[in-house]
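One structure is given here, and the rest of the page talks about it.
The values are calculated or read from the model by the stated rules, or taken from the named source; none is laboratory data. Just so we're clear, the structure is a prediction, and the values are computed from it rather than from any experiment. Here the Cβ positions follow ideal geometry from the backbone for every residue, glycine too, while neighbour counts run over all protein chains shown. All accessible areas refer to the heavy atoms of the entire protein, side chains included, with ligands and DNA or RNA removed. Shrake-Rupley method; radii C 1.70, N 1.55, O 1.52, S 1.80 Å.
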Amino acid sequence: MIDVDDGPRRAILDLAGRRSDIARVLLDRVFPDVARLLDSGWQDDRLSFVDVTIAATRLQDAIRTLSRQSPAPRGAQSLTMIVPRWEQHGLPAAFAADQLRALGAPTSVLAGLSGPDLVRITSRAAPAGILISVASYRSVAQLPELIRTLRQEISKPIPIVVGGPAMALNAQECRRSGADLATNDIRQAAKFCDIQLSDGHLPARCPMGAGSDR
């Protein structure tokens with residue numbers, strides 16, 4: 001993922017794009033293992049910020065390329081995953097959204113958008129729930145303002161769930177952010193938003209914290 005030559009990665013993605021069995025092995029096993037290696041490499045100072053950023057960006061691109069997606073999911077059986085614009089990485093949200101899609105919940109990811117754009121797109125989508133991915137403890141302090149904006153500007157009441165690596169670092173502050181629920185349990189989040197998931201197997205949870213603030 002951090003090699004200058006990106007050719008091998010693209011070749012694997014091309015093959016996986018034609019072989020759904022390979023794609024699921026990559027999404028369920030290989031990519032979470034890569035995320036764990038990135039996380040441990042960052043924590044142990046074996047990988048630089050640049051290394052982790054490049055690898056996380058490529059990994060996120062691979063997940064987006066292979067994940068089961070439907071065009072612009074909308075309506076009562078869909079979910080909207082928000083990556084606040086202040087977050088450095090969207091990798092945690094990419095993993096979570098892929099898991100939800102694999103279990104039958106159409107999920108769109110909105111990243112790096114301003115408050116007005118988030119409100120406009122989410123209002124149009126009218127999802128069953130809004131999921132906010134928070135990767136670092138520094139992000140938690142900015143959550144209340146974002147949640148207030150969403151509640152005030154979106155006319156339809158929509159459940160808001162907060163999750164992500166920050167839950168492991170500052171769970172109490174996540175719960176006090178103004179969200180209706182704070183959890184890293186995909187099934188619990190979907191059930192809270194009244195989304196019926198399939199009985200499919202979820203891959204082992206990866207740390208999904210590569211590149212987050214220490």
Do we have R29 as closer than 23 Å to V109 by Cβ and either modelled with pLDDT of 80 or more or in a helix (DSSP H, G or I) (or both) here? yes
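Out of A111, A94, I need the residue that is within 20 Å of T65 (Cα to Cα), without any contact (Cβ under 8 Å) to a residue 40 or more places away in the chain and open to solvent by 40 Å² or more (accessible area, probe 1.4 Å). Which one?
On the way: A94 fails: open to solvent by 40 Å² or more (accessible area, probe 1.4 Å).
After applying the criteria, what remains is A111.
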Check whether at least one residue in the stretch 36-59 is of a type outside the set (G, A, S), part of a helix (DSSP H, G or I), touching a Lys or Arg at 6+ places or on another chain (Cβ under 8 Å) and modelled with pLDDT of 75 or more, and report yes or no. yes
Please go through (1) in contact with a strand residue (DSSP E or B) (Cβ under 9 Å, 6 or more places away or on another chain); (2) at pLDDT 80 or above; (3) surrounded by fewer than 16 Cβ atoms within 10 Å (Cβ to Cβ) for Q77 and return the number of the only condition it doesn't satisfy. (1)
Matching residues in the stretch 126-154 - criterion: being crowded, with 23+ Cβ neighbours inside 10 Å and either on the phi > 0 side of the Ramachandran plot or of a type in the set (S, T, N, Q) (or both): S133, S139
Among the residues of the stretch 132-148, is any within 16 Å of M81 (Cα to Cα), at pLDDT 90 or above, of a type in the set (G, A, S) and touching a helix residue (DSSP H, G or I) at 6+ places or on another chain (Cβ under 7 Å)? yes
For the stretch 20-36, which residues satisfy the criterion of being more than 19 Å from D51 (Cβ to Cβ) and surrounded by 15 or more Cβ atoms within 10 Å (Cβ to Cβ)? I22, A23, R24, L26, L27, D28
